[in-house]
Amino acid sequence: MPIDPRDATELSTWERWIAHAGYVSEGVLYLLIGTFALLATLDTSQRPKGPQGVLIRLNLTAPGKLFLVAVALGLASFVTWQLLIAIRDPGHRRERGQRSRQIIRLGHLLNGALHSVLVIEAMRILFGFGGSAGSERTQKEWIARAFGMPLGRYAVGIVGIGISLYGLYQWYRAVTRDKDSRVDLTRTRLRPIMDAFGMFGLLSRGVLFAVIGIYLTRAAWRGHPQYAVGLASALGTLRQQPYGEWVLGTVAVGLMTYGLLQIIKEPYRRLRDS
């Protein structure tokens, strides 16, 4: 899609900086999650780690603390960029009134809200207020509270279905040209390799979100929050399946691939289409 000159000038320098920093930090987080999941396939005494577990692990050493600060700042940039798209939508001012664009902006708002939880958790860990790997227990407590509200089970079920559909959307992006809609890879000879990595990474990410969504929907259907799983437990569930070590290892490498590609493709990202 050709970029209208009036839209191309709407992104300021600081907006571009926070966008790039945010996407790189998202890539780093997925790279770490995939790495710890792969290590869990090699050592059965280890459990796969979700985002909070990764942040806690980073905080255990002095170099890790500095890395945690960098990741937290990067994720804060990512949240800021997602909220900018949701509220002001820089680069799409002529399309803001369209129904399809409003749905996309709502998705960015939810994405920013979810990642803001990670920023808060990173700050809690850095200042000594966090550090226990009880994120999934907290998640189940929130789901239990939601069940106690009018229509709470229906709301949780809708969220679960939405997460599952988001997983399916990752598969759609993997097998179509949509995975290239936000980057311009015509300037690199590595495009075939990056396309292959992008497909593998999105398929793995789709599996993960589909598992989380299915279990959350199941929790709403049965009215019991214990059926819900977070990212770490979703990875653990994959390991419990037939040939589970291979399944988990494949998804882990896919998450690492997705994270690495998020970092590598930054010079080619078209922020106007974010």
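Just the residues that are farther than 19 Å from V71 by Cα and among the aromatic types (F, W, Y), please, taken from the stretch 233-274.
Y243, W246, Y268
Mind checking which residues of the stretch 206-235 are in contact (Cβ under 8 Å) with a residue 60 or more places away in the chain and either among the hydrophobic types (A, V, I, L, M, F, W, C) or within 15 Å of I33 (Cβ to Cβ) (or both)?
Within the stretch 206-235, L216, A219, A220, W221, A228, V229, G230, L231, A232, S233, L235 qualify.
Among (1) part of a helix (DSSP H, G or I); (2) within 20 Å of L260 (Cα to Cα); (3) modelled with pLDDT under 85, there is one condition I18 misses while meeting the rest; what is its number?
(3)
Show me the helices (runs of 4 or more DSSP H) found entirely inside the stretch 167-274 where at least 2 residues are at pLDDT below 85 and either more than 14 Å from the chain's Cα centre (by Cα) or loosely packed, with under 15 Cβ neighbours inside 10 Å (or both).
Correct list: 191-222.
Report whether or not L73 is assigned to a helix (DSSP H, G or I) and within 25 Å of V229 (Cα to Cα).
So L73 does not fit the description; no.
For the stretch 39-67, enumerate the residues that are of a type in the set (A, V, I, L, M) and either part of a helix (DSSP H, G or I) or touching a helix residue (DSSP H, G or I) at 6+ places or on another chain (Cβ under 7 Å) (or both).
L39, A40, L42, V54, L55, I56, L58, A62, L66
Please enumerate the residues belonging to the stretch 35-63 that are exposed (fewer than 15 other Cβ atoms within 10 Å of the Cβ) and not polar (S, T, N, Q).
L39, L42, D43, L60, A62, P63
Would you confirm whether or not the stretch 30-43 contains a residue that is of a type in the set (S, T, N, Q) and either closer than 24 Å to A232 by Cα or at pLDDT 85 or above (or both)?
yes
Quick one: I163 ticks every box in (1) closer than 28 Å to I85 by Cα; (2) modelled with pLDDT of 90 or more bar one, so which box is it?
Only one criterion is unmet by I163, namely (2).
Filter the stretch 68-99 down to the residues that are small (G, A, S), touching a helix residue (DSSP H, G or I) at 6+ places or on another chain (Cβ under 6 Å) and closer than 30 Å to G53 by Cβ, then identify the one that is modelled with the lowest pLDDT.
That would be A86.
The values are calculated or read from the model by the stated rules, or taken from the named source; none is laboratory data. The model shown is predicted, which means the values in this text are computed figures rather than measured ones. Here the Cβ is made from the backbone with ideal geometry for all residues, glycine too, and neighbour counts use every protein chain on show.
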